[in-house]
Amino acid sequence: MSYTPRINPAEWEAIAPFVRDAVAAADPPRADTAKNWLHAVSLLANWCETTACIDLTWENVFHADTIERFIQQTESTNRSTRGTYRSWLFAVAEQLVGPQKQSQIRRTVGRWEGAEAYTPAEVTSLRLAQRVQGTTYACLNYGLLLALGAGAGLTTGEMFGLCQRDITHHDGVYVITLPASRYRKPRQVPMLAIWEDLLTPGLRPTQPDAPVVLTQSERTSPNAINRFIARARKNGLAPSMWRLRATWTVTLLNAGVPLPDLLAVGGFESLSKFERFIPQLTRYAAEERDLRIRAAGAFS
């Protein structure tokens, strides 16, 4: 059916196949229901893609936790509108994920599982997987996705829009410049040094307009990156863009980067975004913790 989305056309192009397929599979009983579901699912999928960094799969997008958090953060301040969106989204979810599963987890929203950082062992596994891809091209782009995700905290959409000119080198630091979007201010992100080895092979300063990830011919749609990941050799662990971004965030929090700076480079809109990462942060033994607290603020 004909549907005109109420979001940025470029952002709609990135999520349109997922939205249309999901609503079609949910089998709405009437045309007006289909239009309502398309609207609600497009808002949810766009939030997942551009803000929450959640992979666009039915299990992730239509998980009760995802829906509840989207409803909490949706721009609408009208309580009735939020309730309507929630009802529509759970109606779709029950068709795609299953009514029994939804009814069990809908009663209470537990700890957010959509931001689990990779462990050091999992990072090692991902790096090993990068080396065993079938072609030089696949190895290069697999590595670039890891570097841009875990080394700079970029979302899939940001990676797709990245051109060679957007990555510059200043005083020994690679800096990625990202334009403003509906949800984020323009920002500059310094690349973590530990991921530079996977970034530099893909840099082509003499081709400023060329994309960083994938060739222009393969980028037939914004879903090209997801298709590339789906085809990649997994070596036991498939890369997830939102987990790579979470890994970057946890790395910076553990390093003691001031929260205002992390808000700026990460494109986070509030400190509440960091709450879900607290269980994953490094803890010190009691004695070392006490010494560090006592020494805090001392002048050298």
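The table that follows gives values for the structure above.
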{"quantity": "Value of D in µm² per second that Stokes-Einstein yields for the chain, Kirkwood Rh from Cα pairs, at 10 °C (1.306 mPa s)", "calculated": "76"}
{"quantity": "Test item: Cα-centred dipole of the chain, Lys/Arg +1 and Asp/Glu -1 on Cβ, debye", "calculated": "400"}
{"quantity": "Accessible area in square angstrom per residue, the chain, 1.4 angstrom probe", "calculated": "51"}
{"quantity": "Local net charge near Leu56, Cβ-Cβ under 11 Å (Lys/Arg +1, Asp/Glu -1)", "calculated": "-4"}
{"quantity": "Two-decimal Rg/Rh across the range 149-239, once Rg and the Kirkwood Rh are taken from alpha-carbon atoms", "calculated": "0.96"}
{"quantity": "Kyte-Doolittle mean at least -1.0 and Cα axial length at least 27 Å: DSSP H helices in the chain", "calculated": "none"}
{"quantity": "Packing-based order for 59-69, 141-151, using average beta carbon neighbours within 10 Å, highest first", "calculated": "141-151, 59-69"}
{"quantity": "Separation of alpha-carbon centers, the range 1-23 and the range 253-300, rounded to whole Å", "calculated": "38"}
{"quantity": "Extreme residue, positive dipole direction of the chain, given options Ala286, Val19, Ala193 (C-beta unit charges)", "calculated": "Val19"}
{"quantity": "Sum of side-chain charges, Val212 neighbourhood, beta-carbon under 9 Å (Lys, Arg +1; Asp, Glu -1)", "calculated": "0"}
{"quantity": "For the range 178-218, alpha-carbon Rg and Dmax in angstrom", "calculated": "12.9, 32"}
{"quantity": "Cα-derived Rg to Rh of the range 31-71, Kirkwood definition", "calculated": "0.98"}
{"quantity": "Estimated [θ] at 222 nm from DSSP helical runs (n ≥ 4, -39500 (n - 2.57)) normalised by residues in the chain, nearest 500", "calculated": "-15000 deg cm²/dmol"}
{"quantity": "All-pairs alpha carbon distance profile, the range 171-300, 5 Å steps from 0, percent", "calculated": "2, 7, 12, 17, 19, 17, 12, 6, 3, 3, 2, 0"}
{"quantity": "Sulfur and carbon atoms: percent of accessible area, the chain [1.4 Å]", "calculated": "55"}
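The values are calculated or read from the model by the stated rules, or taken from the named source; none is laboratory data. What you see is a predicted model; the values in this text were computed from it and never measured. FYI the Cβ positions are ideal-geometry reconstructions off the backbone, even for glycines, and counts take in every protein chain you see. To get the accessible areas, we keep the full protein, side chains included, count just its heavy atoms, and leave off ligands, DNA and RNA. Shrake-Rupley method; radii C 1.70, N 1.55, O 1.52, S 1.80 Å.
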